[in-house]
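Worksheet: one structure, shown below.
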Amino acid sequence: MAIKRQKLDRMANLTLDDGRVVDMPPGWAFTIDSTNHGKIEFDFNPYRVHDRDELAGHMRDAIWSLRHISEGITLHAYNVNGIRTFWRFLDELHAFGESVTRLDQIDRMLLDRYLAWLELQIASNGKNKGQRLSVSAKKNSFVLLKSLFTNRQKRVPAAVSPALTFPSNPFPNSNLLSQKREPYSVTEQKRILDALNVDLLAIHEGEGEPLTHLGVLAVHMIILGMATGRNLQSLLELRRDSLVEHPLKDRELLVTTKRRGWSTHSTSVRKAAAAPEQQGSILAIPSSIGDHFRFLCGYTAHLVDEATEEDRELVFLWRVTQQERTGQVARLDATYVGHMVKAFARRHVLLDDSGRRLALNVSRLRPTFANELYRRTGDIRRVQQALGHANAQTTARHYVDSPLEGARDHAIVLDGMVCQFARIEVDGKVLLAADGKIPLHDVKDLLAGGYNTGIARCKNPFRENESVCMKFFHCFQCPSMMVFEDDLWRLFSFYYRLLAERAKINAAHWLKTYGPIIRRIDTDIASQFPADAVESARLKAQQDPHPTWKGSLL
């Protein structure tokens, strides 16, 4: 079966009034029926305070004109995080006697003041409650507002001030400051799997307390998330024909779509070793993800006829049990999934490795899948392909952590490449040799300053082509390295330069590349010299670094 790119529907949903096309917002309050997020209500009356009718009208028109372009949840964010936050800023200006009521009053200077105002705001809810707004929150508010102003520049340029421009990058390095979604550890995964096994026995064997409809959906959402590493939205939009034949007889393809970019991704899953009627009781998560998917299709099949036309092919369907849609069949959304998996974790009393309640959510299953695959294969390209990333750097930076055993192995290899430093005293000075052999016939030259490197000294700085080795980072892996007391100033200047680079590069990369060098200097070299000599060299290196290391490594 050929896997085709999902067709993008570019048909405009026009409203007709007596045969005339109407594309104006119906008053100050209206409802937008989003295909993927249902009906979303908007009320712009609160924004009309302090004579801001004209400005509020432009914000209303911007959202209305974007309803065929942006998702419903994005339109809601424009209102809540974009307009509402900006209106708080305007209210403060009004309190100090400055009134902004029209769109043409908003220019670059006002936006710069808005950015400065955001820096002073305090989070009123969430995990950062009582603290300054996070960089991501400030960036999100500004970007959403910018989208609305950009829409006005395109649609009604005459109403916009010509001085309205936008800073190119008001939040530099914001991506580096955002926290990655932490994967679950091996032991945490085992606890989740054990809990899934309990629920699978209840579903298939009738053991224990029966699960609710949402409980069954939660179990299969977690299973599919752990097995495929797909994003939550892609799983929610799985269709009944998403499982197709694989060219290999023992495998199947689970095809998911990504709404952004309208792309498809195929995950290869193994078929069951035996036919379902030949399998015994389910004692663990089956190897056949395809069988889980087929069961889920059958489990929600009775709801298909009651679902709306656009939802009938979806797998994750449920009957709404609250609010005005009670009794209706609808597609599952991200909000309910969050409640479902939290209820799953509470029901099984899942704990993390520190003994606290486990924060279970589907978004963390994706990096968990990536780390588990990387731990088993050690191949970042394979992880990239499994996640569907266009660039391996995205995979490495945001989804794969260097395992603890990797850092341990790196340190062990480094230690194995160089024997313990041997220590002797020559003419009252301490001398260390990396390979444990002291070349007495070269001591005079070494004492006279010969064979100096950017870090210490070298017994043999020449290569086969008679060129001089300049690879200072490799000195700590080279048996020709030698250190005198006179070299400590230069060595610690290099040491503190490495520490200064930590803020400029990825922390995991710094720890893996430079961490073992720092440890070797502290543990294997500095400990061999008199404490007063080491302290003096450290102080001098901090106050007046050696000329070789006054610049930057990068």
**Message:** Looking at Arg331, Arg382, Arg375, can you tell me which residue is surrounded by fewer than 17 Cβ atoms within 10 Å (Cβ to Cβ) and in contact with a Leu (Cβ under 8 Å, 6 or more places away or on another chain)?
**Reply:** Arg382
**Request:** Would you tally the residues in the stretch 113-129 being surrounded by 12 or more Cβ atoms within 10 Å (Cβ to Cβ) and not in a helix (DSSP H, G or I)?
**Result:** 3
**Message:** Of all residues being surrounded by 13 or more Cβ atoms within 10 Å (Cβ to Cβ) and at pLDDT below 70 in the stretch 255-283, which is nearest to Ile69 (Cα to Cα)? Just the residue, please.
**Reply:** Ile282
**Prompt:** Is one or more of the residues making up the stretch 178-200 of a type in the set (S, T, N, Q) and free of Cβ contacts under 8 Å to residues at least 24 places away in the same chain?
**Reply:** yes
**Request:** Inspect the stretch 505-518 for any residue being over 30 Å from Lys180 (Cα atoms), touching a residue at least 12 places away in the same chain (Cβ under 8 Å) and not in a helix (DSSP H, G or I) and give the result as yes or no.
**Result:** no
**Message:** Can you find a residue that is at pLDDT 85 or above and surrounded by 18 or more Cβ atoms within 10 Å (Cβ to Cβ) anywhere in the stretch 480-488?
**Reply:** yes
**Message:** Among the residues in the stretch 182-194, are any under 30 Å from Leu360 (Cβ atoms), modelled with pLDDT under 95 and touching a Pro at 6+ places or on another chain (Cβ under 8 Å)?
**Reply:** yes
**Request:** Check the stretch 156-172 and report whether any residue there is over 21 Å from His58 (Cβ atoms), assigned by TED's automatic domain parsing to the domain that holds Val49 and surrounded by 13 or more Cβ atoms within 10 Å (Cβ to Cβ).
**Result:** yes
**Request:** With the checklist (1) of a type in the set (Val, Ile, Thr); (2) modelled with pLDDT of 55 or more; (3) out of contact with any Lys or Arg (no Cβ under 9 Å at 6 or more places or on another chain) in hand, flag the one item Ile3 doesn't pass.
**Result:** (2)
**Request:** Go through the stretch 28-62 and give me each residue that's assigned to a helix (DSSP H, G or I), of a type outside the set (D, E, K, R) and either out of contact with any Phe, Trp or Tyr (no Cβ under 9 Å at 6 or more places or on another chain) or surrounded by 15 or more Cβ atoms within 10 Å (Cβ to Cβ) (or both).
**Result:** Tyr47, His50, Leu55, Ala56, Gly57, His58, Met59, Ala62
**Asked** Just wondering, is there one or more residues in the stretch 347-361 that are in contact with a Leu (Cβ under 6 Å, 6 or more places away or on another chain), under 23 Å from Thr212 (Cβ atoms) and touching a residue at least 12 places away in the same chain (Cβ under 8 Å)?
**Response** yes
**Message:** Among the residues that make up the stretch 223-244, is at least one of them crowded, with 21+ Cβ neighbours inside 10 Å, more than 17 Å from Arg366 (Cβ to Cβ) and out of contact with any strand residue (DSSP E or B) (no Cβ under 6 Å at 6 or more places or on another chain)?
**Reply:** no
**Asked** Between residues in the stretch 298-318 that are buried (at least 16 other Cβ atoms within 10 Å of the Cβ) and modelled with pLDDT of 90 or more and residues that are of a type in the set (Gly, Ala, Ser) and part of a loop (DSSP other than H, G, I, E, B), which pairs lie under 7 Å by C-beta distance while being six or more apart or on different chains?
**Response** Leu317/Ala307
**Complete:** Checked Leu103, Leu133, Leu110, Leu93 against criteria (surrounded by 14 or more Cβ atoms within 10 Å (Cβ to Cβ), over 20 Å from the mean Cα position of the chain (by Cα), farther than 30 Å from Arg375 by Cα and touching a residue at least 12 places away in the same chain (Cβ under 8 Å)); the one match is Leu103
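The values are calculated or read from the model by the stated rules, or taken from the named source; none is laboratory data. Remember, predicted model here, so these are calculated numbers, not experimental data. All Cβ positions, glycine included, derive from the backbone under ideal geometry; neighbour counts span all protein chains shown.
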